[in-house]
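Below is one structure; the comments refer to it alone.
All of the numbers you see were taken from the coordinates with simple rules; none came from a lab. None of the values given here were measured: they were computed from a predicted structure. A quick note on method: Cβ atoms are made from the backbone with ideal geometry, for glycine too, and the neighbour counts reach across all protein chains shown.
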Amino acid sequence: MFELPLGRPAIMGVLNVTPDSFSDGGEFLAPEAAIAHGLQMQEHGADIVDIGGESTRPGASPVTEEDELSRVLPVVEALAAKGVAVSVDTSKAGVARRALDSGAVIVNDVKALSDLELRSLCADRGCSVCLMHMQGEPRTMQLDPQYEDVVVEVREFLVARAMEVEEAGVRHESIWVDPGIGFGKTLEHNLALLRHLDRLAEAGYPVLIGVSRKSFLGKLLGDVPAADRLEGTLAAQVLAQSKGARILRSHDVREAKRAAIVAQAILGGPTVH
Ligand code: HH2
């Protein structure tokens, strides 16, 4: 189980070892480049590095277990050996098992442990898990997302899933929840989830939020590209922090951490680096 820092949110650096991720696709496909970037994020103050080998951007195609493993394993192994707290961003039990064997301590699943084998693996290993809400699947999720009340439905889904996962043997303390910004949600759905994030935080599980460089920011800012969404990312992150987010998943670790430290001082409590 990964112990979250007290007094400020944890910064989870994003490391996509993929050819097609929406913001850093192709940049870190070579293991050496991925490892160097992971170490740089560690130097910049990342509490966790989240390593993914399959893009979940809207329209992305699935990858085989073999391909996912060959992308992530060398990177997980090298970073864990350097003392990085590694999270593996996967929905596949086979990938999670090998990543945990190689030193990963967190399983981050955009499908919220819908796979029962993955659920019991996480229970056996005692790792931390992040359960994320998604409506539909990446290939089609942005076509026509619909909710009666997105805030209530996402919270109900996550609490119900967390309880199922606890019944499967994962400890309550090891479970984090995430409303899944951009995963089967319109701009208005994303804004409502962020505006009312305190309602999810009240459910009693640490909340992770992933807004970094996402397309809703591009829309709000007049179609700016992913590489030009840092200010929007930081604004959304500090507001999420003020509503109880405990883990911020970010491509820009140094900036996210500095913003979080200042925000925390204003919110109250000691400064924790
Ligand atoms: N977002 C992405 C991937 N994994 N996991 C959690 N828990 N929450 C998120 O919001 C989240 C996530 C998508 O971002 P990214 O990894 O940058 O892109 P891609 O999926 O294209 O690799």
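So here's what we get for this one:
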quantity: Residue tally, condition among the polar types (S, T, N, Q) and without any contact (Cβ under 8 Å) to a residue 24 or more places away in the chain, over the stretch 119-139; calculated: 0
quantity: Positions within the stretch 39-71 being within 14 Å of the ligand (Cβ to nearest atom), over 19 Å from residue 247 (Cα atoms) and β-branched (Val, Ile, Thr), in sequence order; calculated: 56, 63
quantity: The stretch 1-38, residues that are surrounded by fewer than 17 Cβ atoms within 10 Å (Cβ to Cβ), farther than 20 Å from residue 208 by Cα and away from the ligand (no atom under 14 Å from the Cβ); calculated: 30, 32, 33, 36
quantity: Considering residues of the stretch 88-142 that are crowded, with 19+ Cβ neighbours inside 10 Å and on the phi > 0 side of the Ramachandran plot only, the residue farthest from the ligand (Cβ to nearest atom); calculated: 113
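To keep it simple, each residue is scored yes or no on (1) touching a residue at least 24 places away in the same chain (Cβ under 8 Å); (2) surrounded by 16 or more Cβ atoms within 10 Å (Cβ to Cβ); (3) assigned to a loop (DSSP other than H, G, I, E, B).
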| residue | (1), (2), (3) |
| --- | --- |
| 169 | yes, no, yes |
| 190 | yes, yes, no |
| 204 | no, no, yes |
| 213 | yes, yes, yes |
| 222 | no, no, yes |
| 231 | no, no, no |
| 239 | yes, yes, no |
| 249 | yes, yes, no |
| 261 | yes, yes, no |
